[in-house]
Amino acid sequence: MIASTLPLFVALPLITAGLLIVFGDRPLLHRLTLFTILGASLLGGIVLILEFVDGGALAHGVGMWPVGIAIPFVADMFTALMLVVTGTLTIVCAAFAYVSQQGSNRFFAPLILALTAGVNGALLTADLFNLFVFIEVMLLPSYALFFLAPSGKAPLRRIAGARLYVTLNLLTSTIFLVGVGFVYGTAGTVNMAELAGLAKENGAVAFAVALCLFALSIKAAAVPVHGWLARAYPTTSPAITALFSGLHTKVAIYGIYRIYAVIFDGDATYLWVGVLLFCLTMVLGVFGAVGENTTRSILAFHMVSQIGYILLGVALFTELGLTAGIFYLLHHMIVKASLFLSTGAIEVRYGSGQLGSVTGMLKKEPWIAATFFIAALSLAGIPPFSGFVAKLSLIMASIDAGQVAAAVVMVLVSLVTLLSMLKIWSGVFWTKHKANPSLDDADPTTFAAIPALETPSSDSDTATVVATRPRIGLALAAPSMVLALITICLGLGGELLLGLAETAAAGLLDTSFYIQAVMGS
Amino acid sequence: MTLAITAGILVAGAVYLLLKPEMLRIILGFVLLSHAANLIIMAAGNSSRREEPFGTFTDLTNAADPLPQAFVLTAIVIAFSITVLMLVLAVTGKNDDNTSVSPPTDADDAAPQATDDAAATTPGDDAATAPTTTQEPTS
């Protein structure tokens, strides 16, 4: 693949987004174009993976300007893997949004395309300032998507959620921007290849880059700056929650991996801070999840815990640790989106995601139940799903790096993970549907989750849900099923992705290919 | 030094406003904060020992660094567009000062139909905000 095609990953979706607005409200045209462009982006990612099977990197400075002035795009195995998984998730979530009528707004397709441009750009850029710009390009459509709804159907609660989301992201972006300013002031450049290793030698640069990393970890929702995620994400629509969970926090995590590998050159002095904070992230996130009582807020809080796992890979900074971290990142994006989409399908058809107000889904929606079950077990790390491979390799990596305490924390948190998944399982799927829900509270055999669900207001709602015929059609169930299928494949054929992740990790440990590619572009 | 002090004062004012409960004050706080960020970037271009980029300069080493100015230009546009969006969010809905997310267990989650009449004010915001945000990346 020619390096000069890399900017197309950004240019194509962006131009199409503009054109779709010009051509106005034509639903069929919008859908066709959206999926064509997303498919092309995904295909490009796959081509890049094939390109980098033996390592290496490709870079292109837009307009052939000299290094430091040009807008640099660079791709290696890590980028390619991320491009493929984010592309898959965008396609799947867009399909879900269309089926659930969430995508019926005329601005939906252009916004998704602009979002894709931002995500691809943030993954491909080799320049800190451009990273800021692309994250903004990614966030601006997200703000609109956050409260986008079929005309007039958005609940007011979503506006409050959007206020929190926009405010937090603006604050974070400003912090990142100040960090970039400091980097330029101390190092005289913001090009990652020119900055390579500088933070290890120069304390002032290290501080400046640390500010950028701090901003990225707010976006990634690591403890102690995680509070926004569990409050903001459940307020938007299910399709968008799934999409954001797969893209936004993960782009920030990608940024942390990349910046620490290139600019800090994996400096071992600061790694203990990461190990400590990310172990805390795992523990606090999972306990927060157990305390919630709607499906999406449990899953969102739970994401915080999983982010701890993913970031532990970079805090270990060994080849094994980075490989496991990257594998975990890719696995998590797929599984989490699957969970959000399967519970989202129930929320769309039955009108509520609250535990206890929708019950007996195992009988009524066996397919959705099976999908949720697979994804939940994968998340908890039960074989033969991808979560097992991810967790096992991460635990082995941390023991290998001498962080036995971190390994113990991981195993314990896994158990609580299973508990929080069981809470959804027992609350939504397993509980038998009863005509009189008030009996539930008195029933001693039901799970402990039930007494917390005294919501008399929703009783009338529950009473109407008596249909035995599945209400969730194949089209609505398919997105989460596809993702669940991927987690099974990745679990059984984990060797393949582990090999690719190892190549990606090698690219982070030895950044010379990356630097040479950027400097030579 | 002047730049540093100005940025410091702006940040202090911004933090004070951000801690206030009302959305409008928070927005004003962000206006101050983004100005402070822009001044910091300007300062990063070594403005203390350099002169203006146009007009009287003779020596390129003394001319102001154009790169931070390009950064600031980009950052201003982004901050401006988000400020507009936040202003729209501030006036949308009944309770214009509510920045807290009500717990997801409240009634409108269990029965989305019930909020339809309450949400009748929102079509205006869809129409008003979506173009603002979509134009931004393409420009």
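The values are calculated or read from the model by the stated rules, or taken from the named source; none is laboratory data. Quick caveat, the model's predicted, so the values are computed rather than measured. We place every Cβ from the backbone using ideal geometry, glycine too, and count neighbours over all the protein chains shown.
A few notes on this one:
- On inspection, A:HIS302 qualifies as of a type outside the set (Gly, Ala, Ser), farther than 13 Å from A:GLY246 by Cα and touching a residue at least 24 places away in the same chain (Cβ under 8 Å).
- Condition check for A:ALA70: surrounded by fewer than 24 Cβ atoms within 10 Å (Cβ to Cβ) and in contact with a Ser or Thr (Cβ under 9 Å, 6 or more places away or on another chain): yes
- Checklist (1) facing chain B (nearest Cβ under 7 Å); (2) under 30 Å from A:PRO7 (Cβ atoms) applied to A:PRO155, failing item: (2)
- Members of the stretch A:362-395 found to be among the hydrophobic types (A, V, I, L, M, F, W, C), buried (at least 23 other Cβ atoms within 10 Å of the Cβ) and under 14 Å from A:LEU339 (Cβ atoms), listed by number: A:ILE368, A:PHE372, A:ILE374, A:ALA375, A:ALA376, A:LEU379, A:PHE385
- Subset of the stretch B:18-37 [of a type in the set (A, V, I, L, M) and within 10 Å of another protein chain (Cβ to nearest Cβ)]: B:LEU18, B:MET23, B:ILE26, B:ILE27, B:LEU33, B:ALA36, B:ALA37
- The set of residues in the stretch A:43-64 that are surrounded by fewer than 21 Cβ atoms within 10 Å (Cβ to Cβ) and not in a loop (DSSP other than H, G, I, E, B) comprises A:LEU43, A:ILE46, A:VAL47, A:ILE49, A:LEU50, A:GLU51, A:VAL62, A:GLY63, A:MET64.
- Scan the stretch A:125-137 for residues that are within 17 Å of the chain's Cα centre (by Cα) and more than 9 Å from chain B (Cβ to nearest Cβ) and the total you get is 2.
- Residue check for A:SER104: more than 7 Å from chain B (Cβ to nearest Cβ), of a type outside the set (A, V, I, L, M, F, W, C) and more than 20 Å from A:LEU164 (Cβ to Cβ): yes
- Qualifying residue in the stretch A:161-169 (condition: under 22 Å from A:VAL62 (Cβ atoms), of a type in the set (Ser, Thr, Tyr) and under 18 Å from the mean Cα position of the chain (by Cα)): no
- The single condition from (1) within 8 Å of another protein chain (Cβ to nearest Cβ); (2) modelled with pLDDT under 90; (3) farther than 15 Å from B:LEU3 by Cβ that B:THR61 fails is (1).
- Test: residue in the stretch A:311-327 that is hydrophobic (A, V, I, L, M, F, W, C), more than 28 Å from A:MET77 (Cα to Cα) and either outside any helix (DSSP H, G or I) or within 14 Å of chain B (Cβ to nearest Cβ) (or both): no
- Leading residue by the ranking (nearest to A:VAL314 (Cα to Cα)) among those in the stretch A:396-408 that are touching a helix residue (DSSP H, G or I) at 6+ places or on another chain (Cβ under 8 Å) and surrounded by fewer than 21 Cβ atoms within 10 Å (Cβ to Cβ): A:ALA401
- Among residues of the stretch B:72-101 that are more than 25 Å from A:LEU128 (Cβ to Cβ), those with a beta-carbon under 7 Å from a residue that is among the basic types (Lys, Arg) and modelled with pLDDT of 85 or more at least six positions away or on a different chain give the pairs B:LEU89/A:ARG163; B:THR99/A:ARG163; B:VAL101/A:ARG231.
- The condition of being touching a Pro at 6+ places or on another chain (Cβ under 7 Å), surrounded by fewer than 23 Cβ atoms within 10 Å (Cβ to Cβ) and farther than 20 Å from A:LEU89 by Cα holds for A:LEU492.
- Which listed residue is over 16 Å from B:ILE78 (Cβ atoms), of a type in the set (Ser, Thr, Tyr), part of a helix (DSSP H, G or I) and touching a Phe, Trp or Tyr at 6+ places or on another chain (Cβ under 8 Å), from A:TYR184, A:TYR143: A:TYR184
- Among residues of the stretch A:341-361 being of a type outside the set (S, T, N, Q), buried (at least 24 other Cβ atoms within 10 Å of the Cβ) and away from chain B (no Cβ under 14 Å), the one that is nearest to A:TYR254 (Cα to Cα) is A:LEU341.
- Only one entry in A:LEU8, A:LEU50, A:LEU19, A:LEU32 is within 14 Å of chain B (Cβ to nearest Cβ) and either closer than 21 Å to A:LEU497 by Cα or free of Cβ contacts under 8 Å to residues at least 60 places away in the same chain (or both), namely A:LEU19.
- Segments classed as helices (runs of 4 or more DSSP H), wholly inside the stretch A:191-253, with at least 3 members that are hydrophobic (A, V, I, L, M, F, W, C) and surrounded by fewer than 24 Cβ atoms within 10 Å (Cβ to Cβ): A:203-220
- Selection of the stretch A:263-292 for residues being aromatic (Phe, Trp, Tyr) and surrounded by 19 or more Cβ atoms within 10 Å (Cβ to Cβ) yields A:PHE264, A:PHE278.
- Among all residues of the stretch A:185-197, there is at least one that is more than 10 Å from chain B (Cβ to nearest Cβ) and touching a strand residue (DSSP E or B) at 6+ places or on another chain (Cβ under 7 Å).
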